[in-house]
1. Cβ contacts < 8 Å: first residue outside the structural domain of Val182 (by TED's automatic domain parsing), restricted to region 130-151; second residue of a type in the set (S, T, N, Q) and at pLDDT below 80, any location; separation 6+ or different chain. Result?
2. Is it fair to say Lys256 is on the phi < 0 side of the Ramachandran plot, of a type in the set (D, E, K, R) and in contact with an Asp or Glu (Cβ under 8 Å, 6 or more places away or on another chain)?
3. Across region 77-107, what is the total count of residues that are surrounded by 15 or more Cβ atoms within 10 Å (Cβ to Cβ), of a type in the set (Gly, Ala, Ser) and either assigned to a helix (DSSP H, G or I) or not assigned by TED's automatic domain parsing to the domain that holds Gly33 (or both)?
4. Could you please give the count of residues in region 125-163 that are surrounded by 14 or more Cβ atoms within 10 Å (Cβ to Cβ) and either modelled with pLDDT under 80 or on the phi > 0 side of the Ramachandran plot (or both)?
5. Among the numbered conditions (1) under 22 Å from the mean Cα position of the chain (by Cα); (2) touching a residue at least 12 places away in the same chain (Cβ under 8 Å), tell me where Glu126 comes up short.
6. Just give me the residues in region 34-52 being crowded, with 19+ Cβ neighbours inside 10 Å, under 47 Å from the mean Cα position of the chain (by Cα) and not in a helix (DSSP H, G or I), in sequence order.
7. Please indicate, with yes or no, whether at least one residue in region 315-329 is part of a strand (DSSP E or B), crowded, with 22+ Cβ neighbours inside 10 Å and modelled with pLDDT of 90 or more.
8. Hey, does region 222-233 have a residue that's at pLDDT 80 or above, more than 14 Å from Val282 (Cβ to Cβ) and small (Gly, Ala, Ser)?
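The values are calculated or read from the model by the stated rules, or taken from the named source; none is laboratory data. As the structure is a prediction and not an experimental result, all values here were calculated from the model. Note that each Cβ is placed from the backbone with ideal geometry, even for glycine, and that neighbours are counted across all protein chains shown.
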Amino acid sequence: MGPLSRFDLPRRLKPVLPVWAGELITSLICLAGAAVVRIVLDMIAPGVTPFVLIFPLILLAALAGGWRSGAVTLTVAEIWAWYYVIPPRGFTFKGEAQPANLAAIYVAGLIVIAAVHVFRSLNIREVDETQARVAERDLMLRELEHRMKNNFQTVAALLEMQLRRASDEPARAALREALTRVISISQAHRNLYAGDGTRSVDMSVYLSNLCADLADALFLGEVVRLECDVEPGALDRDRAVAVGLIVNELVTNAAKHAFTEGRPGQIKVVFARRGDGYRLTVEDDGRGLPNDFSTRRTGLGRGLVEAFSRQAGGKLIVRKGGPGAKFEVELAA
């Protein structure tokens, strides 16, 4: 019954016209359509079945405009058919236009209108209840978004506090990695609800913000520059989170391993469309990958990056040629 609400003309016109005006407009539209059909019928067979159009006419008027629109349409249509269609024209009790026939047609029309009114009222009630549930759900989602944002901020603040207090370097590195992962997921959540409520994430905004947060969290400063070149594109939430975690792991590992002893350099993140999909590239101009990297299964977060690549529906490719390291993930659209 839901689609019926799209044809509720008085409700659709309510912002600009009173309800009675919408009901009257519905009646006039139905009567005009019936007049055109009647003219065509009279061209083919003059005077045939004068009251045949009344019942579909009032059914349509009552569905689209309500019982008052149906009643007005019934009254006007019966009078018009009686006067105009049955020869000789005029209000004469002749042929099908006998008082009993006219009364029976009118009562039958009222019964149809009453049945349609019950059906229509149930539909309107269902639509109103659905809209109320949707509004309540949206309110709950906004509240959930607000609470989750606060939770992410709380977790990040606790990790930052522990990071400042920690003196052991392995502990600081572990806390720093945990902080960047929280930032990555938080950014995906933030960008998911910043738009129109859809389940897709604007990757241009998401990755740009993520790179800025990573630069701050990793204390890269001016020595190691983090550049982000992202073309517009959208991925669903789960894939976007996976891509963000890939960027997080690769940038963190590059900052940790590629530039030792204060060596300056650059880390570059590129997200660009390639054919029907996208390509994510994270590269640096640091000291490069170890010779046994292709056979190594631990270290540098490789296991995590491969797992996140599969979650994002992509394939990880490692480029070892030239200075530094280069990682690519081919993603389907």
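1. From residues that are outside the structural domain of Val182 (by TED's automatic domain parsing), the pairs are Lys149/Ser186.
2. On the way: on the phi < 0 side of the Ramachandran plot: yes; of a type in the set (D, E, K, R): yes; in contact with an Asp or Glu (Cβ under 8 Å, 6 or more places away or on another chain): no.
No: the conditions fail for Lys256.
3. Result for region 77-107: 2.
4. The qualifying residues number 4.
5. Condition not satisfied by Glu126: (1).
6. Listed by number, the list is empty, since nothing qualifies.
7. At the first step, the residues of region 315-329 found to be part of a strand (DSSP E or B) are 315-319, 326-329.
Then drop every residue that is not crowded, with 22+ Cβ neighbours inside 10 Å, which leaves 327, 329.
Keeping just the survivors that are modelled with pLDDT of 90 or more gives 327, 329.
Yes: one or more hits.
8. The answer is yes, given that some residue of region 222-233 is at pLDDT 80 or above, more than 14 Å from Val282 (Cβ to Cβ) and small (Gly, Ala, Ser).
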